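Engineer: One structure follows; several queries about it will come next.
The values are calculated or read from the model by the stated rules, or taken from the named source; none is laboratory data. Keep in mind that what you see is a predicted model, and the values were worked out from it rather than measured. Positions of Cβ are backbone-derived with ideal geometry, glycine not excepted, and every protein chain shown enters the neighbour counts. Just so you know, the surface numbers come from the protein's heavy atoms only, side chains and all, with ligands and any DNA or RNA stripped out. Shrake-Rupley method; radii C 1.70, N 1.55, O 1.52, S 1.80 Å.
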Amino acid sequence: MGSSLKSFNIDNHFVRHANFLGELSAVASDLDRADATFDMVNGLADHNLVSFRSVNFPLHFLRHQDFRVKLHEGPNPPLVPPGSVPPPESPDMQLMRKDATFAMVPGLANPNAVSFRSFNFPNRFLRHRDFHLFVEEVDSDLARKDATFTVVPGLSPEPPGPH
């Protein structure tokens, strides 16, 4: 089913990915709805937190890189013969796990909504600015509103087949 993140302060705008970048936009088409639907899964760096896996690109997760939110391929464990030890994870993949992990906290602009604090930069939050998504410090009333979302049922219809 998935979840979608509705903007607290821009009516009918949702977090989505477009061209592998995190964006905030109105949703008008089936593609928009699919791009704005994520599975909120256990955090890739801390299972007590959350990560956002794309529903229409299920091997990809939202993560920040240079504080810009992007859609990147996530960990894909190698096939290892039974009884063998898997190779160690690369430093790039370890960083990706941290960049894709967020703490869901009461909304900074409204405690009935939610905000998402970065795992590896705990003084920064997921926020939209100029309709693009960043992980930034929140130091103004506008920034608190930009970093506040409502989690709603996924906008993309359930794909056919077994689940």
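Engineer: Which members of region 1-36 meet the condition of being closer than 18 Å to V69 by Cα, in a loop (DSSP other than H, G, I, E, B) and out of contact with any Phe, Trp or Tyr (no Cβ under 9 Å at 6 or more places or on another chain)?
Structural biologist: Scanning region 1-36 gives a single hit, N19.
Engineer: Kindly indicate whether F119 is touching a residue at least 40 places away in the same chain (Cβ under 8 Å), buried (at least 19 other Cβ atoms within 10 Å of the Cβ) and of a type in the set (F, W, Y).
Structural biologist: Against the criterion (touching a residue at least 40 places away in the same chain (Cβ under 8 Å), buried (at least 19 other Cβ atoms within 10 Å of the Cβ) and of a type in the set (F, W, Y)), F119 qualifies.
Engineer: Turning to a different aspect of this structure: Would you call N56 out of contact with any Ser or Thr (no Cβ under 6 Å at 6 or more places or on another chain), open to solvent by less than 60 Å² (accessible area, probe 1.4 Å), more than 19 Å from H132 (Cα to Cα) and not hydrophobic (A, V, I, L, M, F, W, C)?
Structural biologist: Judged against the criteria, N56 is a match.
Engineer: From (1) part of a loop (DSSP other than H, G, I, E, B); (2) modelled with pLDDT under 95, pick out the condition that doesn't hold for M93.
Structural biologist: It fails just one condition, (1).
Engineer: A follow-up question, please. Within region 1-17, track down each residue that is open to solvent by less than 30 Å² (accessible area, probe 1.4 Å) and under 15 Å from R53 (Cα atoms).
Structural biologist: G2, S3, S4, L5, V15, R16, H17, listed by residue number.
Engineer: Hey, another quick one. For F57, work out the one condition from (1) among the aromatic types (F, W, Y); (2) on the phi < 0 side of the Ramachandran plot; (3) in contact with a Lys or Arg (Cβ under 9 Å, 6 or more places away or on another chain) it doesn't fulfil.
Structural biologist: All conditions pass for F57, except number (3).
Engineer: Hey, another quick one. Working only within region 104-116, note down all residues that are touching a residue at least 24 places away in the same chain (Cβ under 8 Å) and either of a type in the set (K, R) or open to solvent by 80 Å² or more (accessible area, probe 1.4 Å) (or both).
Structural biologist: M104
Engineer: Residues being open to solvent by less than 30 Å² (accessible area, probe 1.4 Å) and either at pLDDT below 95 or of a type in the set (A, V, I, L, M, F, W, C) (or both): count how many of those fall in region 135-163.
Structural biologist: So the count comes out to 6.
Engineer: Going by the structure shown, is D92 charged (D, E, K, R) and either in contact with an Asp or Glu (Cβ under 8 Å, 6 or more places away or on another chain) or open to solvent by 30 Å² or more (accessible area, probe 1.4 Å) (or both)?
Structural biologist: yes
Engineer: For L44, work out the one condition from (1) outside any loop (DSSP other than H, G, I, E, B); (2) buried (at least 21 other Cβ atoms within 10 Å of the Cβ) it doesn't fulfil.
Structural biologist: All conditions pass for L44, except number (1).
Engineer: Can you go through A103, A109 and tell me which one is at pLDDT 95 or above and touching a strand residue (DSSP E or B) at 6+ places or on another chain (Cβ under 6 Å)?
Structural biologist: A103
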